[in-house]
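Readers should treat all values here as calculations from the given coordinates under stated rules, not as data from a laboratory. Fair warning: this is a prediction, and the values are worked out from it, not measured in the lab. Cβ placement follows ideal geometry from the backbone for every residue including glycine, while neighbour counts extend to all protein chains displayed.
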Amino acid sequence: MKKMHTIAGILLSSALMFGAMATPALAMEKSKMVIQVSDNDSAKWNLALNNAKNIQKDLGNANVELEIIAFGPGINMLKAESEVGNRINDAVESGVKVLACQNTMRNQKLNKDDMLSSIGYVPAGVIQIMQQQQKGYAYLRP
């Protein structure tokens, strides 16, 4: 009888272990990253956009949530006449959220008509980054 309990215990432990191993694959969460761009520098923007594109390529668009947050001088590359505007539009089309800080826009006397039509907005870029990190987003500043 003792031998039967031991065998039953081993079988139960094995079943639980294999069940636990299968669960993460079913409940796998998307990878999440927030990218900060606060420089008025097309090279920095191109690096951020390349990072986002490579992450999507390596993980698959459906497996990752990406946000690029622009504030301070970095907001200038989100203006309608931006030299990286086409790349930003392509990133948005691929599923990257590109978000402008409205605090910065107010300080620079910019409105939505001054900006690329494809981007989104957040009240405060720094707060958005902080809140996304609290939700488990990885942080990158190229």
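Miscellaneous remarks
- Of the GluC sites (Glu not before Pro) in region 53-142, the ones in a loop by DSSP (not H, G, I, E or B) with at most 16 other beta carbons within 10 Å are 81, 83.
- Distant-in-sequence amide contacts of residue 82, defined by a placed amide H-H separation under 5 Å and a gap of 5 or more residues or a different chain, comprise nothing.
- Using θ = phi - 60° and Karplus 6.51 cos²θ - 1.76 cosθ + 1.60, couplings along region 94-102 (whole Hz; Gly, Pro as x): 7, x, 7, 8, 10, 10, 9, 7, 6
- Built amide H within the under 5 Å cut-off of residue 138, gap 5+: 32, 33, 34
- Under the Karplus curve 6.51 cos²θ - 1.76 cosθ + 1.60, θ = phi - 60°, whole-Hz ³J(HN,Hα) for region 80-92, x wherever Gly or Pro sits: 3, 9, 4, 6, 10, x, 5, 5, 5, 4, 4, 4, 4
- Whole-Hz Karplus values for region 108-113 come out as 9, 6, 9, 10, 4, 5 Hz, taken residue by residue from phi with 6.51 cos²θ - 1.76 cosθ + 1.60 and θ = phi - 60°; glycine and proline positions read x.
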